[in-house]
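> One structure follows; several queries about it will come next.
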Amino acid sequence: MTDREETTTSSLPRIESGIAGLDVVLGGGFMQGGMYIIEGLPGAGKTILTSQICFHQVAIGTKALFVTLLAENHSRMMSNLAELSFFDPSRIPDYLAYLSAFNEVKEGGLKALLDLLRREVMRRRTGLLVIDGLVSAQTSAATDQQFKEFIHDLQEIAIATNCTMFLTTTARERVSPEQTMVDGLIQLTSRSYGWQTASDLQVTKLRGSGFLRGRHSYKITEAGLTLYPRIESLYSRPTQNERPEFGSVTSGIDQLDVMLGKGLPRASTTMLAGPSGIGKTTIGLQFLAASAPDEPGLMFSFYETPTRVRAKIDSMVLSLGDKLDSGQVNIQWQTSTSDLLDVHGDRLLEIVKRRGVKRLFIDGLTAFHSAAIDPSRTGNFFSALTNELRNLGVTTLYSLEMSDVFGARMHLPIEDSSSLAENIILLNYVAQRSRLHRLISIIKVRDSNFDPTQRTFVIGDFGVEISESNNEAEALLADLAGQSRGYVPPRGG
């Protein structure tokens, strides 16, 4: 069972919302002539969402009518919307008209409201109708049955005129009569997680179409509402037929290629795990230095700024500097707390697809973990992300920060991390008397006979340099074992 709801696809034409992420979640948009409830608490973004749909539709020639049932001043509402980039005053009132039905509801009840809506939809040849503040109509109904009849009559108008309708209302704790009658129900919610607040959208009902189930993050900016479908649901199935990738690509370090057994398997994912300062970023930069015009590279970074990365490149990986200047390799930098988890994933995949990236270095996985408001998502999120990258033919190397600094045994900070990568490379420190040594070892490699022995390595003028044999590492570890066995604690006083 996937997060994609499977239903029979309707033959009815669709209308696009103009909100790319929302149309993806809906499987292509709303059904023309359908009726939909947009539900949420005050401030959740209901008016912005429906206004954005209106302006998108009138931009392509559809006539829309925005009816308010609350005593809200239209000029104030439009002055607020005017701050958003989708607002186009030139479309008002010829294509988008605003109408208050507050007095009709107050003086004549639901019958007067229905008469007004029928008359205006037909007179204006309206293709899209928004009724903002449905709760006012419900409170004016004498009984639940009367309100259900109003919704039924409104649906008849929608069908007869082929007018798509959106009804906004406040969130309910229980199922209300109108929810069972409409074609779709969308809920907008803001949730608090400690000191953070996050907004999400959920489609709980959509007749005649498949849709992406579950909650999806959204943000409201000067561009309006932007929805980011949850990566796990969006990529639960490949976006294109998988084409098996054979062969290997160089890691950018000759001796590491030998240890891996001819390099990294093409279109695979490799975890580079180790403590801070051990050399993960340097190895990643050397991996990107092997990029080519037909194999563009990307560094997706959360920690070091492009200025600091460039300084490191100019001091140790000179060949990468030329490829940055020519555009063969790009750096995309952001802070780990600057955005939502799905925003990071969406941005990464957009760049990969747009530039045709084939070598990707993500520095590092723990930043995705930090961006997740619900940390339990990290495993499924990254698994779906790397599956899509693999499907796109991208060879991915990512760093994973580890708290362990010394010792031959290391513990991965994310549960079941080994399932997220086909290849795992471990880096760690070993202290021998007054000196620190760096060790590198290969834990697993997809479809390859790799060298499982540990090697020492240093970071020099030309980046990471790995010993050609394991002799130094064996002598070092043997010496440490001997020190441990021969240790005698000092006697007291």
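> If you rank ILE313, ILE459, ILE424 by fewest surrounding Cβ atoms within 10 Å, what's the result? Can you show the working numbers first?
On the way: ILE313 26, ILE459 15, ILE424 20.
Fewest-to-most Cβ neighbours within 10 Å comes out as ILE459, ILE424, ILE313.
> Have a look at the DSSP beta bridges in the stretch 4-229 and tell me what percent are antiparallel, nearest 5.
On the way: 23 of 48 bridges.
Given both bridge residues lie in the stretch 4-229, the antiparallel proportion sits at roughly 50 percent.
> Can you classify the stretch 272-362 as rounded, prolate or oblate using the Cα gyration tensor, where a ≥ b ≥ c are the square roots of its eigenvalues, rounded means a/c under 1.5, and otherwise it's prolate if a/b beats b/c and oblate if not?
Details: a/c = 1.73, a/b = 1.10, b/c = 1.57.
Oblate.
> Cross-link partners among aspartates and glutamates for LYS106, C-alpha distance below 13 Å, same-chain residues fewer than 8 apart left out?
Straight-distance partners of LYS106: none at all.
> Name the lysines eligible as straight-distance cross-link partners of LYS323: C-alpha to C-alpha under 22 Å, and not fewer than 8 places from it in the same chain.
LYS280, LYS312, LYS353, LYS358
> To continue, here is another question. Given 20 °C and 1.002 mPa s, how large is the Stokes-Einstein diffusion coefficient of the stretch 1-159 in µm²/s, with Rh as the Kirkwood radius over Cα pairs? Working shown, then result.
On the way: Rh = 16.9 Å.
Diffusion coefficient, whole number: 127 µm²/s.
> Then there's this: Using R₀ = 51 Å, calculate the FRET efficiency as 1/(1 + (r/R₀)^6) where r is the Cβ-Cβ separation of LYS262 and ALA171; round to 0.05. Walk me through the numbers on the way to the answer.
On the way: r = 58 Å, r/R0 = 1.13.
Rounded to the nearest 0.05, the efficiency is 0.30.
> Taking LYS219 as the anchor, which aspartates and glutamates have their alpha carbon closer than 15 Å to its alpha carbon, excluding any fewer than eight residues away along the same chain?
Here the aspartates and glutamates satisfying the reach criterion relative to LYS219 are ASP200, ASP339, ASP342, ASP346.
> For the chain, how big is the tail of P(r) above 35 Å, as a whole percent of Cα pairs? Intermediate results must be reported in sequence, preceding the final value.
Numbers: 56967 of 121278 pairs.
Cα-Cα pairs of the chain separated by over 35 Å account for 47 percent.
> Next up: Mind jotting down a quarter of the surface of the convex hull over the alpha carbons of the stretch 248-482, in square nanometres, one decimal?
About 12.3 nm², averaged over all directions.
> What does the net charge come to around LEU365 if you take all other residues with beta carbon closer than 11 Å to its beta carbon, with K and R at +1 and D and E at -1?
Details: positive: LYS280; negative: ASP363, GLU401.
So the surrounding residues net to -1.
> Arrange VAL258, VAL445 by Cβ neighbour counts within 10 Å, fewest through most, would you? Before the final figure, lay out the partial values.
Numbers: VAL258 16, VAL445 24.
Arranged by neighbour count, lowest to highest, VAL258, VAL445 become VAL258, VAL445.
> At a Förster radius of 30 Å, what calculated FRET efficiency corresponds to the Cβ-Cβ distance of THR180 and ASP115, to the nearest 0.05?
So the FRET efficiency works out to roughly 0.75.
> Please work out how much length the chain gains when fully extended from ARG433 to ALA478, using 0.36 nm per residue of separation minus the C-alpha to C-alpha distance, in nm with one decimal.
So the extension gain works out to 14.9 nm.
> Then there is this: Rounded to the nearest 5, what % of the DSSP beta bridges within the chain are antiparallel ones?
On the way: 42 of 93 bridges.
Percent antiparallel among DSSP bridges in the chain is about 45.
> Next question. Taking the Cα of SER469, stepping 7 Å toward and past its beta carbon, and measuring to each backbone N in the stretch 435-452: which are under 19 Å?
Only 439-441, 451-452 fall inside the zone, counting backbone N under 19 Å.
> Let me ask you something else. Summing -39500 (n - 2.57) over the DSSP H runs of n ≥ 4 in the chain and dividing by its residue number, what mean residue ellipticity at 222 nm do you reach, to the nearest 500 deg cm²/dmol? Walk me through the intermediate numbers first.
Working: 16 runs with 172 residues, N = 493.
Dividing the helical sum by the residues of the chain leaves -10500 deg cm²/dmol.
> Students often check this: by mean Cβ neighbours within 10 Å, which of 467-479, 321-333 ranks highest, and how do the rest follow? Before the final figure, lay out the partial values.
On the way: 467-479: 14.5, 321-333: 16.3.
Ranking, from highest mean packing down: 321-333, 467-479.
> Give, as a single signed number, the net charge of other residues whose beta carbon lies under 14 Å from the beta carbon of ALA59, with Lys and Arg counted +1 and Asp and Glu -1. Don't jump to the answer; show the numbers that get you there.
Working: positive: LYS63, ARG91; negative: GLU16, ASP88, ASP94.
It works out to a net charge of -1.
Just so you know, all these numbers are worked out from the coordinates, no wet-lab data involved. Everything quoted here is computed from the prediction, not taken from an experiment. Cβ atoms come from the backbone with ideal geometry, glycine included; neighbour counts cover every protein chain shown.
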